[in-house]
Amino acid sequence: MISEKNDSSREKQVKLSFDKQGLMAHLGAKLIKVRPGYCEILLPFRLELTQHHGYFHAGSLSAIIDTAGGFAGLTLFKEDESVLTVEFKVNLIAPAVGECLIARGEVIKAGRTLTTVKGEVFALREGEEFLVAVMQQTLMRMAGPVEVEA
(Lines give C-alpha, C1' and ligand atoms only; values in the text may rest on other atoms or scores of the structure.)
Protein backbone atom coordinates (compact mmCIF):
# COMPACT_ATOMS: atom_id res chain seq x y z
CA MET A 1 0.00 0.00 0.00
CA ILE A 2 1.30 3.45 -0.90
CA SER A 3 0.37 6.20 1.52
CA GLU A 4 1.29 9.81 2.14
CA LYS A 5 1.13 9.15 5.89
CA ASN A 6 2.37 5.63 6.49
CA ASP A 7 2.05 5.98 10.28
CA SER A 8 -1.67 6.89 10.28
CA SER A 9 -3.55 4.47 12.51
CA ARG A 10 -6.73 5.00 10.45
CA GLU A 11 -4.94 4.03 7.26
CA LYS A 12 -3.57 0.94 9.01
CA GLN A 13 -7.13 0.03 10.02
CA VAL A 14 -8.23 0.41 6.40
CA LYS A 15 -5.46 -1.95 5.28
CA LEU A 16 -6.34 -4.50 7.98
CA SER A 17 -10.01 -4.34 7.05
CA PHE A 18 -9.23 -4.64 3.33
CA ASP A 19 -7.03 -7.68 3.98
CA LYS A 20 -9.95 -9.38 5.78
CA GLN A 21 -12.40 -8.92 2.88
CA GLY A 22 -13.03 -12.28 1.29
CA LEU A 23 -14.46 -10.83 -1.92
CA MET A 24 -11.45 -8.58 -2.54
CA ALA A 25 -9.12 -11.55 -1.98
CA HIS A 26 -11.26 -13.74 -4.26
CA LEU A 27 -11.17 -11.13 -7.02
CA GLY A 28 -7.42 -10.57 -6.61
CA ALA A 29 -7.87 -6.85 -5.84
CA LYS A 30 -5.02 -4.87 -4.28
CA LEU A 31 -5.17 -1.79 -2.08
CA ILE A 32 -2.64 0.58 -3.63
CA LYS A 33 -3.23 4.02 -2.14
CA VAL A 34 -4.94 5.39 0.96
CA ARG A 35 -4.94 8.94 2.27
CA PRO A 36 -7.55 11.00 4.10
CA GLY A 37 -10.71 11.04 1.99
CA TYR A 38 -9.21 8.93 -0.80
CA CYS A 39 -8.67 5.27 -1.67
CA GLU A 40 -7.39 3.47 -4.75
CA ILE A 41 -7.78 -0.22 -5.59
CA LEU A 42 -6.23 -2.16 -8.48
CA LEU A 43 -7.81 -5.25 -10.04
CA PRO A 44 -5.59 -7.29 -12.40
CA PHE A 45 -7.27 -8.91 -15.41
CA ARG A 46 -8.24 -12.58 -15.15
CA LEU A 47 -10.58 -14.53 -17.41
CA GLU A 48 -12.70 -15.42 -14.35
CA LEU A 49 -13.59 -11.71 -13.98
CA THR A 50 -15.03 -11.29 -17.48
CA GLN A 51 -18.48 -11.33 -19.00
CA HIS A 52 -19.52 -12.95 -22.30
CA HIS A 53 -17.78 -10.34 -24.52
CA GLY A 54 -14.47 -10.69 -22.68
CA TYR A 55 -14.67 -7.34 -20.84
CA PHE A 56 -14.34 -7.08 -17.08
CA HIS A 57 -17.77 -7.96 -15.67
CA ALA A 58 -19.72 -5.02 -14.22
CA GLY A 59 -20.00 -6.94 -10.94
CA SER A 60 -16.24 -7.03 -10.43
CA LEU A 61 -15.96 -3.36 -11.42
CA SER A 62 -18.80 -2.41 -9.04
CA ALA A 63 -17.27 -4.36 -6.18
CA ILE A 64 -13.94 -2.54 -6.33
CA ILE A 65 -15.43 0.95 -6.72
CA ASP A 66 -17.86 0.34 -3.83
CA THR A 67 -14.93 -0.79 -1.69
CA ALA A 68 -12.68 2.12 -2.72
CA GLY A 69 -15.46 4.59 -1.91
CA GLY A 70 -16.23 2.98 1.43
CA PHE A 71 -12.63 3.05 2.54
CA ALA A 72 -12.20 6.65 1.33
CA GLY A 73 -15.02 7.58 3.70
CA LEU A 74 -13.70 5.46 6.53
CA THR A 75 -10.39 7.36 6.52
CA LEU A 76 -12.27 10.46 7.71
CA PHE A 77 -14.24 8.76 10.48
CA LYS A 78 -13.21 8.48 14.13
CA GLU A 79 -11.33 5.36 15.21
CA ASP A 80 -14.38 4.07 17.12
CA GLU A 81 -16.61 4.33 14.02
CA SER A 82 -17.11 2.07 11.02
CA VAL A 83 -18.78 2.40 7.62
CA LEU A 84 -21.59 0.82 5.59
CA THR A 85 -22.69 1.63 2.06
CA VAL A 86 -26.27 2.95 1.96
CA GLU A 87 -26.45 3.17 -1.83
CA PHE A 88 -24.33 3.58 -4.91
CA LYS A 89 -24.97 4.17 -8.59
CA VAL A 90 -22.50 3.16 -11.26
CA ASN A 91 -22.59 4.43 -14.84
CA LEU A 92 -20.70 2.16 -17.24
CA ILE A 93 -19.44 4.51 -19.93
CA ALA A 94 -17.04 2.34 -21.93
CA PRO A 95 -16.12 -1.35 -22.18
CA ALA A 96 -13.80 -2.29 -19.31
CA VAL A 97 -10.95 -3.72 -21.38
CA GLY A 98 -7.35 -3.69 -20.20
CA GLU A 99 -4.56 -5.29 -18.21
CA CYS A 100 -6.18 -4.09 -14.99
CA LEU A 101 -8.81 -1.79 -13.54
CA ILE A 102 -8.02 1.06 -11.16
CA ALA A 103 -10.86 2.23 -8.89
CA ARG A 104 -10.53 5.60 -7.17
CA GLY A 105 -12.90 6.72 -4.44
CA GLU A 106 -12.88 10.29 -3.12
CA VAL A 107 -15.06 11.88 -0.46
CA ILE A 108 -17.16 14.82 -1.64
CA LYS A 109 -18.64 15.61 1.80
CA ALA A 110 -18.32 13.81 5.11
CA GLY A 111 -21.35 14.50 7.28
CA ARG A 112 -22.25 13.49 10.83
CA THR A 113 -24.27 10.49 9.63
CA LEU A 114 -24.05 10.32 5.83
CA THR A 115 -21.01 10.77 3.61
CA THR A 116 -21.11 11.36 -0.15
CA VAL A 117 -18.37 9.86 -2.31
CA LYS A 118 -17.53 10.02 -6.00
CA GLY A 119 -15.70 7.25 -7.76
CA GLU A 120 -14.08 6.53 -11.08
CA VAL A 121 -12.84 3.30 -12.63
CA PHE A 122 -10.13 3.31 -15.26
CA ALA A 123 -8.94 0.48 -17.51
CA LEU A 124 -5.18 0.46 -17.98
CA ARG A 125 -4.14 -0.44 -21.54
CA GLU A 126 -0.53 -0.20 -22.69
CA GLY A 127 0.29 2.31 -19.94
CA GLU A 128 -2.67 4.60 -20.66
CA GLU A 129 -5.76 5.02 -18.46
CA PHE A 130 -9.23 4.98 -20.01
CA LEU A 131 -12.27 6.02 -17.97
CA VAL A 132 -14.80 3.15 -18.03
CA ALA A 133 -17.18 3.94 -15.15
CA VAL A 134 -18.23 6.64 -12.71
CA MET A 135 -19.98 6.21 -9.38
CA GLN A 136 -21.85 8.22 -6.78
CA GLN A 137 -22.13 6.65 -3.35
CA THR A 138 -23.70 7.37 0.02
CA LEU A 139 -22.09 5.92 3.14
CA MET A 140 -23.44 5.67 6.68
CA ARG A 141 -21.21 6.37 9.64
CA MET A 142 -21.70 3.58 12.18
CA ALA A 143 -21.01 3.60 15.91
CA GLY A 144 -18.43 1.03 16.86
CA PRO A 145 -14.94 0.21 15.64
CA VAL A 146 -14.02 -1.43 12.39
CA GLU A 147 -14.25 -5.18 12.84
CA VAL A 148 -11.15 -6.83 11.44
CA GLU A 149 -11.58 -10.32 12.90
CA ALA A 150 -12.85 -12.93 10.47
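The values are calculated or read from the model by the stated rules, or taken from the named source; none is laboratory data. Note that this is a predicted model, so its numbers are computed, not measured. No Cβ is skipped: glycine too gets one built from the backbone with ideal geometry, and neighbour counts run over all protein chains shown.
Brief remarks on what is shown
- When A29 is tested against (1) modelled with pLDDT of 95 or more; (2) under 17 Å from S82 (Cβ atoms), exactly one condition is not met: (2).
- Subset of the stretch 110-145 that is over 16 Å from the mean Cα position of the chain (by Cα) and under 17 Å from A68 (Cβ atoms) - its residue that is surrounded by the fewest Cβ atoms within 10 Å (Cβ to Cβ): E129
- For the stretch 108-133, the set of residues classified as in contact with a helix residue (DSSP H, G or I) (Cβ under 9 Å, 6 or more places away or on another chain), under 13 Å from F88 (Cα atoms) and of a type in the set (A, V, I, L, M) consists of V117, A133, listed by residue number.
- From the options G37, G59, G54, residue that is touching a Leu at 6+ places or on another chain (Cβ under 9 Å), exposed (fewer than 13 other Cβ atoms within 10 Å of the Cβ), on the phi > 0 side of the Ramachandran plot and at pLDDT 95 or above: G54
- Which numbered condition G59 fails, given (1) within 29 Å of T113 (Cβ to Cβ); (2) in contact (Cβ under 8 Å) with a residue 60 or more places away in the chain; (3) not β-branched (V, I, T): (2)
- Selected residue (only one of V117, V107 is among the aliphatic types (A, V, I, L, M) and touching a residue at least 60 places away in the same chain (Cβ under 8 Å)): V107
- Lone unmet requirement of (1) exposed (fewer than 15 other Cβ atoms within 10 Å of the Cβ); (2) at pLDDT 95 or above for D80: (2)
- Condition check for G69: closer than 17 Å to E11 by Cα, out of contact with any Phe, Trp or Tyr (no Cβ under 6 Å at 6 or more places or on another chain) and either in contact (Cβ under 8 Å) with a residue 12 or more places away in the chain or basic (K, R) (or both): yes
- Which listed residue, of L16, L31, is part of a helix (DSSP H, G or I) and over 17 Å from T116 (Cα atoms): L16
- Out of F56, F71, F77, one residue alone is more than 12 Å from the chain's Cα centre (by Cα) and closer than 19 Å to L27 by Cα. It is F56.
- Filtering L23, L49, L42 for residues that are modelled with pLDDT of 95 or more, more than 19 Å from F77 (Cα to Cα) and crowded, with 20+ Cβ neighbours inside 10 Å leaves a single hit, L49.
- Take the conditions (1) β-branched (V, I, T); (2) surrounded by 15 or more Cβ atoms within 10 Å (Cβ to Cβ); (3) touching a residue at least 24 places away in the same chain (Cβ under 8 Å); V86 misses just one of them, which is (2).
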